[in-house]
Amino acid sequence: MKPIRIELPTEFNVGPVNSYLFTDPEPILVDCGVDTEACWATLQAGLSQHSLTPADIRRIIITHPHVDHFGLATRILALSDCQVWVSDLAPEWLTNPKKMFGLRLAYYRNHFLRQAGLPEEASQLVQAYFAKVGEETTPIPSERIQTFRVGDELAIGGTNWQVLHMPGHASHQTCFYQPESLQFLSADMLLPKTPTPIVERPLPNQPRQPSLPIFMESLARCEALDIDTVYPGHGDPFQNHRQLIQKQRSRIHKRKEEALTLIQQGTCTANDLVNEMYAHYPPAMRFAGLWMLIGYADLLQAEGKVGVETIAGVWRYYVNE
């Protein structure tokens, strides 16, 4: 069967998030929105159109552990004896979100935001956001979680879907591909608008992983798939995925070259580059472009076009001769 899209409201800039319902042979949800009254009411209304309630859900499958994709799981669990399924890369984000967001916040506060050269006011805004998310996210009991592995097949809607690891936007992101019907549940990998490559906390004694270059690798793997219809985490389902990928890749390379030009002209810190490249944003909101800007710099470093040195704790980019 085809996934049934239930569009759920969020308070985030990305707009509504999609939950996908499969009714046969058992009711399954893939992702389940944010934990708000508006989202909960919309999910219940969407289920009722198919003569279902949250109590009827047998499985909730989470594509990746961002709060707009698993937020309502605990409300559903309170009414149903279902299990939450997530990849074995991510269960602690569901069982102990306060700890995990706290670790990310500490990395941002003590390292990343300083290295990017963000002023204190902007840094505090970023820190306040992640602290709020960690405090307000309800943990899922570990006994209600079932894990699957990358490379597994999941039975959804009467057919088997391949579990594909597609990092970049999120290091733990999984997508699901049905090779007979050529359907692709893309989570936040393929979206009508290029997803943000979130900077992740590195593992102990490991360097930071470059999210945008990793996203580009995942994009190439998606391009190679034979897909008829993409069911994205946000926005309408669509076809012609290769056309979208080519468009997004072209824009990323264009913006990367704009960053290179600015570095050549002497704009050398991430914060200064953000203020130039996202000048159309209000000053208090320009930090929203920081993750993508870091991605452009990572691409330029991978290509050998720029280098970076740390001066007084701040990254400073320079052009390689």
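The values are calculated or read from the model by the stated rules, or taken from the named source; none is laboratory data. Since the model is a prediction, treat every value here as computed from it, not as a measurement. Positions of Cβ are backbone-derived with ideal geometry, glycine not excepted, and every protein chain shown enters the neighbour counts. Accessible surface areas use protein heavy atoms only, side chains included; no ligands, DNA or RNA. Shrake-Rupley method; radii C 1.70, N 1.55, O 1.52, S 1.80 Å.
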**Condition check for L190: aliphatic (A, V, I, L, M), assigned to a loop (DSSP other than H, G, I, E, B) and surrounded by fewer than 20 Cβ atoms within 10 Å (Cβ to Cβ)** = no
**Prompt:** Across region 202-227, what is the total count of residues that are over 13 Å from W291 (Cβ atoms), touching a helix residue (DSSP H, G or I) at 6+ places or on another chain (Cβ under 6 Å) and open to solvent by 30 Å² or more (accessible area, probe 1.4 Å)?
**Reply:** 1
**Prompt:** Would region 198-206 turn up any residue that is among the β-branched types (V, I, T) and within 26 Å of A90 (Cβ to Cβ)?
**Reply:** yes
**Message:** With the structure loaded, tell me whether D24 is free of Cβ contacts under 8 Å to residues at least 24 places away in the same chain, of a type in the set (D, E) and open to solvent by 50 Å² or more (accessible area, probe 1.4 Å) or whether it fails that test.
**Reply:** no
**Complete:** Filtering region 15-58 for residues that are touching a Cys at 6+ places or on another chain (Cβ under 6 Å) and in a strand (DSSP E or B) leaves a count of 1
**Complete:** Restricting region 129-157 to residues that are under 19 Å from the mean Cα position of the chain (by Cα) and open to solvent by 80 Å² or more (accessible area, probe 1.4 Å), the one modelled with the highest pLDDT turns out to be R149
**Asked** In region 169-183, which residues are out of contact with any Pro (no Cβ under 9 Å at 6 or more places or on another chain) and open to solvent by less than 10 Å² (accessible area, probe 1.4 Å)?
**Response** T174, C175, F176, Q178
**Single unsatisfied condition, V34 versus (1) in contact with a strand residue (DSSP E or B) (Cβ under 9 Å, 6 or more places away or on another chain); (2) among the aliphatic types (A, V, I, L, M); (3) surrounded by fewer than 21 Cβ atoms within 10 Å (Cβ to Cβ); (4) within 22 Å of P9 (Cβ to Cβ)** = (3)
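Rundown of residues vs (1) not in a helix (DSSP H, G or I); (2) not aliphatic (A, V, I, L, M), yes/no style:
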residue	(1), (2)
H253	no, yes
C268	yes, yes
A284	no, no
Y296	no, yes
**Request:** Would you mind stating whether A122 is at pLDDT 90 or above, touching a Pro at 6+ places or on another chain (Cβ under 9 Å) and surrounded by 14 or more Cβ atoms within 10 Å (Cβ to Cβ)?
**Result:** no
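Here is a yes/no grid of residues against (1) closer than 25 Å to Q162 by Cβ; (2) among the acidic types (D, E); (3) touching a residue at least 24 places away in the same chain (Cβ under 8 Å):
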{"residue": "I198", "(1), (2), (3)": "yes, no, yes"}
{"residue": "R201", "(1), (2), (3)": "no, no, yes"}
{"residue": "P204", "(1), (2), (3)": "no, no, no"}
{"residue": "Q209", "(1), (2), (3)": "yes, no, yes"}
**Asked** in a helix (DSSP H, G or I) and modelled with pLDDT under 95, is that true of F12?
**Response** no
**Asked** When region 247-283 is examined, which residues are found to be open to solvent by 40 Å² or more (accessible area, probe 1.4 Å) and either of a type in the set (S, T, N, Q) or touching an Asp or Glu at 6+ places or on another chain (Cβ under 8 Å) (or both)?
**Response** S250, T261, Q264, Q265, N275
**Asked** All but one of (1) on the phi < 0 side of the Ramachandran plot; (2) assigned to a loop (DSSP other than H, G, I, E, B); (3) touching a strand residue (DSSP E or B) at 6+ places or on another chain (Cβ under 8 Å); (4) open to solvent by 20 Å² or more (accessible area, probe 1.4 Å) hold for H234; which doesn't?
**Response** (4)
